[in-house]
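The values are calculated or read from the model by the stated rules, or taken from the named source; none is laboratory data. Owing to the predicted nature of the structure, the values given are computational and were not obtained by experimental measurement. Here the Cβ positions follow ideal geometry from the backbone for every residue, glycine too, while neighbour counts run over all protein chains shown. These area figures cover heavy atoms from the full protein model, side chains too; ligands, DNA and RNA do not enter into them. Shrake-Rupley method; radii C 1.70, N 1.55, O 1.52, S 1.80 Å.
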Amino acid sequence: MTPTAPTISELIAQERRLTLPHFGHDDAYALGDLLVSMARQRHAPVAIDIRRGAQQLFHAALPGSSADNDAWIDRKRKVVERYGESSYLVGTRFRAKGTTFEDSSRLDPRVYAAHGGSFPIAVEGAGVIGSVTVSGLPQAEDHALVVEALERFAATLAA
């Protein structure tokens, strides 16, 4: 089932709601393991990447994914690093203005992709410290998978 495209206000609310109390190496592994489990249950041919700053803390490539997914991950992650917002939100903002990221951002589309699937990892009191990215599904589904995993992960931290 394809998720409905969220509005800009819904995307902003997701980011505010999914600010975490902390995020370290063990958290990256737990979130990555959760994403792998969710993707396997759905037979989703995705690659998953989790970073804190410049360091890659987790990477997985599930059956059906390819090196192209890794390239998409890099391009979507760079949007999060530059804008501090989800790649889907950035692309949605451009579409809401009647244009596209590729046409109006002045950034090289070989380096940046404002397509859904990369989400900022924000920590209370520190702001955006990294990203979690999924590639392999249509952009709304990549984004929804990341958000669902972060919601589940955040619930475990709050428990």
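Summary table below
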read-out	value
For peptides 30-42, 137-149, sequence by mean Cβ density within 10 Å, most packed first	137-149, 30-42
Heavy-atom surface of the chain, accessible at 1.4 Å and reported per residue (Å²)	50
The chain, relative contact order in percent, only Cα pairs under 8 angstrom and at least six apart counted	29
Relative packing of 95-106, 44-55, which averages over residues the other C-beta atoms within 10 Å, highest first	44-55, 95-106
Of Pro138, Ala30, Ala113, farthest towards positive along the dipole that unit charges on Lys, Arg, Asp, Glu beta carbons give the chain	Ala113
Apportionment of accessible area to carbon and sulfur, segment 1-93, percent (1.4 Å)	50
